[in-house]
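Since the structure comes first, as structure tokens, the remarks are kept for the end.
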């Protein structure tokens, strides 16, 4: 395989991965608290293939990582007293799932059979002491302050555990709108500016993502044409060599 074919195929592979990321962003436009992603290409350390023709020092790239846009999405009113949003962009609700602590921007909460505050997937929402938040079934609708203090009537039942990270973009997605801190240390946010009766929308910019999709599609078409032309040229050369003998 000559260099033109190698470069064309490598480009197609990278563009296909970038298209997958764009498609995932568009598919999650209405996912609460979703953060848009951008695929990042990096030079490969080891060449996946070699060609005998020149130049011999061609370089290959592949999608090695994703950059996440961690900016806050728009807070949209819902009127549900168990929906909560955080104005502070680098702040996350702490939740517990299967004994592990995770973090989320998705504040669409509910009450389980034991009147504990949970996410829609059943993860327990934690207070600032790492404990579950339990409501009084007869206590009426809750209210929350900017600092995340939850009250039912005159009774304070807890304070949301809200935490920030030095590098929020390095958080690891674990599914169900949850994030793992990996090696980072969670730091309590004193004034997260929690709002009640709102949810945070996805920060995906639909126009930008569609523009990227068009650009990637055009680039993929060009790469495909390069591969096709190189293959036709090789076939022509082989036929001419064969007929000359």
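The values are calculated or read from the model by the stated rules, or taken from the named source; none is laboratory data. These figures come from a predicted structure and were not determined experimentally. All Cβ positions, even for glycine, are placed from backbone atoms using ideal geometry, and neighbour counts span all protein chains on display.
Looking for whichever is surrounded by 12 or more Cβ atoms within 10 Å (Cβ to Cβ) and over 30 Å from residue 87 (Cβ atoms) here; the options are 227, 194, 198, 204. Which one fits?
Of the residues listed, the single one that is surrounded by 12 or more Cβ atoms within 10 Å (Cβ to Cβ) and over 30 Å from residue 87 (Cβ atoms) is 227.
If we scan region 35-58, do we find a residue that is more than 25 Å from residue 223 (Cβ to Cβ), in a loop (DSSP other than H, G, I, E, B) and at pLDDT 90 or above? It would help to see each step written out before you state the result.
Taking region 35-58 and keeping what is more than 25 Å from residue 223 (Cβ to Cβ), we get 35.
If we keep only those that are in a loop (DSSP other than H, G, I, E, B) as well, we get 35.
Now restrict to residues that are at pLDDT 90 or above: 35.
Looking through region 35-58, at least one residue is more than 25 Å from residue 223 (Cβ to Cβ), in a loop (DSSP other than H, G, I, E, B) and at pLDDT 90 or above.
I'd like to know if region 182-189 contains one or more residues that are assigned to a loop (DSSP other than H, G, I, E, B), out of contact with any strand residue (DSSP E or B) (no Cβ under 9 Å at 6 or more places or on another chain) and farther than 20 Å from residue 88 by Cα.
Checked region 182-189: at least one residue is assigned to a loop (DSSP other than H, G, I, E, B), out of contact with any strand residue (DSSP E or B) (no Cβ under 9 Å at 6 or more places or on another chain) and farther than 20 Å from residue 88 by Cα.
To keep it simple, each residue is scored yes or no on (1) in the same structural domain as residue 172 (by TED's automatic domain parsing); (2) in contact with a helix residue (DSSP H, G or I) (Cβ under 7 Å, 6 or more places away or on another chain); (3) modelled with pLDDT under 85.
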site: 192; (1), (2), (3): yes, no, no
site: 209; (1), (2), (3): no, yes, no
site: 214; (1), (2), (3): no, no, no
site: 217; (1), (2), (3): no, no, no
site: 223; (1), (2), (3): no, yes, yes
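Look at (1) buried (at least 18 other Cβ atoms within 10 Å of the Cβ); (2) out of contact with any helix residue (DSSP H, G or I) (no Cβ under 7 Å at 6 or more places or on another chain) and you find that residue 167 fails only one, number (1). The residues of region 77-89 that are within 20 Å of the chain's Cα centre (by Cα) and surrounded by fewer than 18 Cβ atoms within 10 Å (Cβ to Cβ), listed by number, are 87, 88, 89.
Taking (1) in contact with a strand residue (DSSP E or B) (Cβ under 6 Å, 6 or more places away or on another chain); (2) surrounded by fewer than 18 Cβ atoms within 10 Å (Cβ to Cβ); (3) on the phi > 0 side of the Ramachandran plot in turn, residue 158 satisfies each apart from (2).
Among the residues of region 90-110, the ones that are part of a loop (DSSP other than H, G, I, E, B) and in contact (Cβ under 8 Å) with a residue 60 or more places away in the chain come to 5 in all. If you check residue 228 against the conditions, is it over 24 Å from residue 93 (Cα atoms) and at pLDDT below 90? Here the answer is yes, as residue 228 does meet what is asked.
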